[in-house]
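The values are calculated or read from the model by the stated rules, or taken from the named source; none is laboratory data. The structure presented is a predicted model; accordingly, all values stated were derived computationally and were not measured. Heads up, the Cβs are rebuilt from the backbone with ideal geometry, glycines too, and the neighbour counts pull from every protein chain shown.
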Amino acid sequence: MYLHEIHRRAKMSFERLARTARTFDRPGDVSMTTPVARQQAATGEPRPPAWLLTALVNDGRPRFPGLDVCTPASPAVAREFAVSVLGDWASPECSYDAQLIVSELVTNAMRHAGGLVGLRLVRSDRQVACAVSDESRDAPVLTEQDCFAETGRGLHLVQALSVCWGWFPLNDHGKTVWAVLDTSG
């Protein structure tokens, strides 16, 4: 029963993602689906590249490698998954950075949202994106660094290693946090 519930929730997440992605990158369309998305557009916060949104959805079914996790070992599993997928794609030049990014994004999702966390890796000709979805609507916050704090550095690491990163809300609840890496060396 537990696995059935995870599958059901993952399917619902992909359906929400499909509905949300259809609202982005329409020429001349700035009437995004949520106040948060409208605020992001108004403030100039990063939006996912068009190729990433296109790759995320294919009639509501994922068409790229994915992993759904919900255990304390999830960051380690996410790192192994990233190494495996990037090896299959012959993109080892960004493997180490991708491992760090997926580890931080999955850890943040587990810590702040709990529940099921979905990791997807997407590629274009010269870039790879890590996309992590969770069930919280709370925006990821880049906090002021305190040299003595034990937490609060993860998103700074994501920002330093990626070409760009950001997040978008899912229609009814949840969000996807994404980071793009260059593979051109």
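Here are a few things to note about the model shown:
- Qualifying residue in region 157-166 (condition: of a type in the set (Ser, Thr, Tyr), in a loop (DSSP other than H, G, I, E, B), touching a helix residue (DSSP H, G or I) at 6+ places or on another chain (Cβ under 6 Å) and surrounded by 13 or more Cβ atoms within 10 Å (Cβ to Cβ)): no
Rundown of residues vs (1) under 19 Å from Thr54 (Cβ atoms); (2) over 13 Å from the mean Cα position of the chain (by Cα); (3) of a type in the set (Ser, Thr, Tyr), yes/no style:
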site: Gly114; (1), (2), (3): no, yes, no
site: Leu121; (1), (2), (3): yes, no, no
site: Cys130; (1), (2), (3): yes, no, no
site: Gly154; (1), (2), (3): no, yes, no
site: Trp165; (1), (2), (3): yes, no, no
site: Pro169; (1), (2), (3): yes, no, no
site: Thr176; (1), (2), (3): yes, no, yes
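- Residues satisfying the stated conditions in region 131-156, i.e. of a type outside the set (A, V, I, L, M) and within 21 Å of His173 (Cβ to Cβ): Ser133, Asp134, Glu135, Ser136, Arg137, Asp138, Pro140
Conditions tested, residue by residue: (1) more than 22 Å from Leu170 (Cβ to Cβ); (2) in contact with a helix residue (DSSP H, G or I) (Cβ under 9 Å, 6 or more places away or on another chain); (3) surrounded by fewer than 16 Cβ atoms within 10 Å (Cβ to Cβ); (4) at pLDDT below 75.
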| position | (1), (2), (3), (4) |
| --- | --- |
| Ile6 | no, no, yes, yes |
| Pro27 | yes, no, yes, yes |
| Gln39 | no, no, yes, yes |
| Ala50 | no, no, yes, no |
| Pro62 | no, yes, no, yes |
| Asp68 | no, yes, no, no |
| Phe81 | no, yes, no, no |
| Leu86 | yes, yes, no, no |
| Val102 | no, yes, no, no |
